[in-house]
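The values are calculated or read from the model by the stated rules, or taken from the named source; none is laboratory data. These numbers come from a predicted model, not from an experiment. All Cβ positions, glycine included, derive from the backbone under ideal geometry; neighbour counts span all protein chains shown. Accessible surface areas use protein heavy atoms only, side chains included; no ligands, DNA or RNA. Shrake-Rupley method; radii C 1.70, N 1.55, O 1.52, S 1.80 Å.
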Amino acid sequence: MIQSFDSLLQMMEAFPDEQTCIDHLTAIRWKNGAYCSHCGGTTVYHFSDKRTHKCGDCRQRFSIKVGTIFEDTKLPLRKWFIAIWLIASHKKGIASTQLAKDLKITQKSAWFVLHRLRYASRTQSFQAPLEGDVEVDETYVGGKAKNKHGGKSGKGSGVAGKAAVVGAVERGGSVVAKVVEHVNTETLEEFVDNTVSATVASISTDEHSAYRRLSMKYAHGVVHDTNKVFVDGNTHTQTIDGHWSQLKRQIIGI
Ligand SMILES: [Zn+2]
């Protein structure tokens, strides 16, 4: 699946047009099977244009670029692939002015491409950063979690035999979830930094102490479940709560 090339020419021959690039990205993203970029549903219908898909669950149409760093731009994937090549071969970094010239794109686009590719190399994924209003929460999967936050230490060790999962959802957008070893400040903060955009509008979490430092970097709203105040204006975690119950129903179903 992962191909390597000795030269830019060789790479461009391997990807002679937009469709070969789309097919390659599709093969990487769906190596474990097709899924919906909006809801994660696995009933996916494919259109004959070879680039449009429709979800059997949420009924939305999408392309393979939805939810990735390649979304939100009219730039063809082929130019993105060339940009990846150029950035990888300029070890000391490439200026956006140079990238703009090489790709025949505006400097504004080049700046955007550089930012997105730096983000992708940091997170080792093509997943786009979440924007807008984001909710972050953790849960335990694989049984009954008696003490969600595993005691005062904030570590997940109190929940034997269960996997700790941290997730973030952009309201009206995609969900990102990750299995983590601990639910401490370091792990959760790293997850948030690698998942949401630096320009995110707001982040809602519960009052778990590991989230406390998010207020230093983001517009951070805290839901106080202990006071039974679950919705406070824009601050709530109802979207991610919904995703967790859906996830758990699916696991029980399997
Ligand atoms: Zn869907």
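What the table below lists for this structure:
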quantity: Residue list for region 64-87, restricted to those being open to solvent by 60 Å² or more (accessible area, probe 1.4 Å) and of a type in the set (A, V, I, L, M); calculated: Ile84
quantity: Residue that is nearest to the chain's Cα centre (by Cα), among those in region 124-140 that are surrounded by fewer than 21 Cβ atoms within 10 Å (Cβ to Cβ) and more than 13 Å from Val200 (Cα to Cα); calculated: Gln127
quantity: Hey, Val200 open to solvent by less than 60 Å² (accessible area, probe 1.4 Å), closer than 22 Å to Gln127 by Cβ and at pLDDT below 90 or not; calculated: no
quantity: Output for region 47-63, where each listed residue is open to solvent by 30 Å² or more (accessible area, probe 1.4 Å) and either within 14 Å of the ligand (Cβ to nearest atom) or at positive phi (or both); calculated: Lys50, Thr52, Lys54, Asp57, Cys58, Arg59, Gln60, Arg61, Ser63
quantity: Inter-residue pairs, beta-carbon under 8 Å, first under 19 Å from Glu18 (Cα atoms) and in region 42-67, second within 9 Å of the ligand (Cβ to nearest atom) and among the aromatic types (Phe, Trp, Tyr), 6+ apart; calculated: Thr52/Phe62; His53/Phe62
quantity: Lone unmet requirement of (1) open to solvent by 60 Å² or more (accessible area, probe 1.4 Å); (2) within 14 Å of the ligand (Cβ to nearest atom) for His38; calculated: (1)
